[in-house]
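The structure under discussion appears below in the form of structure tokens.
Bear in mind these aren't lab numbers, they're just calculated from the coordinates by the rules spelled out. Predicted model only: the values in this text are computed from it and were never measured.
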Amino acid sequence: MKVYGDIYSGNCFKVRLVLDQLGIAYEWLAIDIMQSQTRTPEFLKKNPNGRVPLLELDDGRFLAESDAIIFYLASAKLLKANSLSLLPEDEFLRAQVLQWMFFEQYSHEPNVAVARYIKRYLGNPASEQARLNSKMPPGYKALDVMEQHLNSRTFFVNETYSLADVALYAYTHVAHEGGFEMQRYPHIQRWLARVAQLPNYRGMDE
Ligand SMILES: N[C@@H](CCC(=O)N[C@@H](CS)C(=O)NCC(=O)O)C(=O)O
């Protein structure tokens, strides 16, 4: 399979992390979002929404949306018998994983990732300060929810590393690049360290 992505995008990072950790072979096709390579007619034929990550299966089918991609990759049929399980068998626990993935896409990523995008990708221009300022309170609110949850847990669901952790890790581990003061969050910091120590973990710069 092929992945179209920008490794400094947390959404794309999720996909690479899951592929590496599950031991699935893939080809990474680097896309430069700042050069609008997601908006060419050729790319738009693959994903009309003009965004990465994008998965291309060997049979020519495409799948967009990072959390849908990692959900597909972690689904049992693809995996070898002894590979890591990132999705619980139990239906309620599986739904809890989805709960955190939807939380990530609705309450976390649109704030934490966009603040980082303004600073890291756009260079923090004056023209973006109002938008940046509007992202900080809801970004902190999402981080507060995570901190409270991790107060008494090692991972997000069932004390076991899962797609919920992958989805939330992606932009939380680089939230400081968006200006978030992460020293406020000791439980999140311990969880970040825990994820980074897992087998086959590879950081954005590796
Ligand atoms: N909800 C989508 C968001 C995808 C997204 O916003 N991708 C950004 C990079 S993080 C992108 O492709 N931006 C380039 C563009 O909009 O042209 C996901 O989780 O995959």
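Below is a table of values for the structure above.
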item: Mean ellipticity per residue at 222 nm, deg cm²/dmol - from DSSP H runs of n ≥ 4 across the chain, formula -39500 (n - 2.57); result: -12500 deg cm²/dmol
item: Compactness index (Cα Rg / 2.2 N^0.38 Å), region 31-141; result: 1.32
item: Residues with amide H under 5 Å from that of residue 156, placed H, sequence gap 5 or more; result: 162, 165
item: Within a Gaussian network of the chain (alpha carbon springs, distance under 10 Å), most fluctuating of 88, 137, 125; result: 125
item: The chain - Rg (one decimal) and Dmax (whole number), Cα, Å; result: 16.8, 53
